[in-house]
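A short worksheet on the structure shown next.
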Amino acid sequence: MRAVVQRVLKGSVTVKGETISEIGQGLVVLLGVGQGDKEEDAKYLAGKIVNLRIFEDEEEKMNLSLKDKGGEVLAVSQFTLYGDCRKGRRPSFVEAAPPAEADKLYQNFVQDLKNEGIKVSTGIFQEHMVVNIQNDGPVTIMLDSSKLF
């Protein structure tokens with residue numbers, strides 16, 4: 001499972017011209033589910049993300065976590081994180097999990113965040129979305145559960 005985590009001042013998702021989700025200060029998480037990912041991957045990433053110390057304290061050092069700041073998460077499923085561009089010019093997505101499996105693990109990830117006491121907003125799985133991200137810093141962290149276990 002792969003996640004691109006961006007510290008934001010605000011973020012939102014628009015579908016068919018309608019804003020369906022928005023958050024204030026917190027994290028936008030673009031989440032990709034790969035072949036062979038399990039519930040443990042979702043739980044691990046959720047725990048890692050809410051405890052990442054990437055928010056500044058009063059001394060402007062990144063010492064505070066999402067939990068410390070009381071921030072929100074906008075979680076957006078993004079299978080293109082598994083795009084393999086090593087051959088040719090068009091990405092291959094064969095390493096991405098099938099949609100039914102990916103949706104289940106995406107939902108597990110969202111629930112794991114909520115279980116950590118985080119307010120979570122989401123996109124719509126398999127829908128074309130416009131994601132607005134006002135990155136703060138900018139701070140962007142990439143996580144891959146297969147490289148963390």
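Derivation of every value follows stated rules applied to the coordinates shown; laboratory data play no part. A quick note: this is a predicted structure, and the numbers were derived from the prediction, not measured. All Cβ positions, glycine included, derive from the backbone under ideal geometry; neighbour counts span all protein chains shown.
Summary of packing: across the peptides 124-131, 103-110, 35-42, 48-55, the per-residue average of other C-beta atoms within 10 Å ranks them, highest first, as 103-110, 48-55, 35-42, 124-131.
Placing pseudo-labels 7 Å out from each Cα toward the beta carbon at SER92 and VAL131 gives an inter-label distance of 2.4 nm.
Taking Cβ atoms as reference points and 12 Å as the exclusive limit, the residues near THR122 contribute a net charge of -2, counting Lys and Arg as +1 and Asp and Glu as -1.
In this structure, the residue pairs whose Cα-Cα separation is over 19 Å, taken from LYS38/LYS67; LYS43/LYS114; LYS48/LYS69; LYS69/LYS114, are LYS38/LYS67. Distance from the C-alpha centroid of region 116-148 to that of region 22-37: 3 Å, rounded to the whole angstrom.
For the pair ILE20 and ILE141, label points projected 7 Å from Cα toward Cβ lie 2.8 nm apart.
Defining a contact as two alpha carbons under 8 Å apart and six or more residues distant in sequence, what relative contact order in percent does region 2-148 show?
Values: 309 pairs, mean separation 55.2, N = 147.
It rounds to 38 percent for region 2-148.
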